[in-house]
1. Kindly provide the set of residues from the stretch 10-22 that are surrounded by 17 or more Cβ atoms within 10 Å (Cβ to Cβ) and not aliphatic (A, V, I, L, M), ordered by number.
2. Are there strands (runs of 3 or more DSSP E) fully within the stretch 1-71 with at least 1 residues that are within 30 Å of Gly103 (Cα to Cα)? List them.
3. Out of (1) within 39 Å of the chain's Cα centre (by Cα); (2) open to solvent by less than 50 Å² (accessible area, probe 1.4 Å), what's the single condition that is false for Ala25?
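The values are calculated or read from the model by the stated rules, or taken from the named source; none is laboratory data. Bear in mind that the values here come from a model prediction, so they are computed numbers and not experimental data. Heads up, the Cβs are rebuilt from the backbone with ideal geometry, glycines too, and the neighbour counts pull from every protein chain shown. Each accessible area value is taken on the protein alone, full model and side chains, heavy atoms only, with ligands, DNA and RNA left out. Shrake-Rupley method; radii C 1.70, N 1.55, O 1.52, S 1.80 Å.
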Amino acid sequence: QERLDANTFKESVLEYSQDLKASQAEYQAVVSAIKYAKSAYYPAISGAGTFRYSLKDRNYSIPTTQIFFPMEREDFALGAELTQPIYAGGAINSSVKSAKLKGQVAEKQVELTSANIAHGADLAYWGAVAQKAMYGTMEQYVKIVTELRDIVEVRYKEGKIAKTDYIQIESRLS
């Protein structure tokens, strides 16, 4: 294992955070929505086409006459349309403002998510540091109590200390 300082740990947590990536993706979606809302100001061109094939022979007849014209089995149509909004009652401006506000909210959400993840990383890092320090302290305590037990054991064997003192040290050690 490599040792990491707090900043390196926090950066790696932010780099691998799926919540942060999701928040950033939502922000990118809102940025695209802003661009789409602004596109309503510009002319729009659209096109459509149809194609039809008839399995039977078709004839066109003139009403009230006996005249028939044979028709092709295939027919198609193509169309193009160019539109430019002239007046929309402020709907376009409202949708652009709404999209911009959603963009600001999404940007702040990314910042909040990042701050929350960084805070969680700090808590985890410093919690681990505290646990390690606490483990070191516990090792020192066990060492001191073991030395004390050895001294008390010698005194107990010499008969200079009561058995309750020896049992008390043993229980403290365990």
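1. First, pick out the residues of the stretch 10-22 that are surrounded by 17 or more Cβ atoms within 10 Å (Cβ to Cβ): 10, 13, 17, 20.
Within the stretch 10-22, Lys10, Ser17 meet the criteria.
2. On the way: elements: 44-53, 58-61, 68-71.
Here the list reads 44-53.
3. Of the numbered conditions (1) within 39 Å of the chain's Cα centre (by Cα); (2) open to solvent by less than 50 Å² (accessible area, probe 1.4 Å), the odd one out for Ala25 is (2).
Yes/no per residue for (1) without any contact (Cβ under 8 Å) to a residue 60 or more places away in the chain; (2) on the phi > 0 side of the Ramachandran plot; (3) open to solvent by 60 Å² or more (accessible area, probe 1.4 Å); (4) within 44 Å of the chain's Cα centre (by Cα):
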site	(1), (2), (3), (4)
Phe69	yes, no, yes, no
Pro85	yes, no, no, yes
Ser94	yes, no, yes, yes
Lys108	yes, no, yes, yes
Met138	yes, no, yes, yes
Asp150	yes, no, yes, no
Lys157	yes, no, yes, no
Asp165	yes, no, yes, no
Arg172	yes, no, yes, no
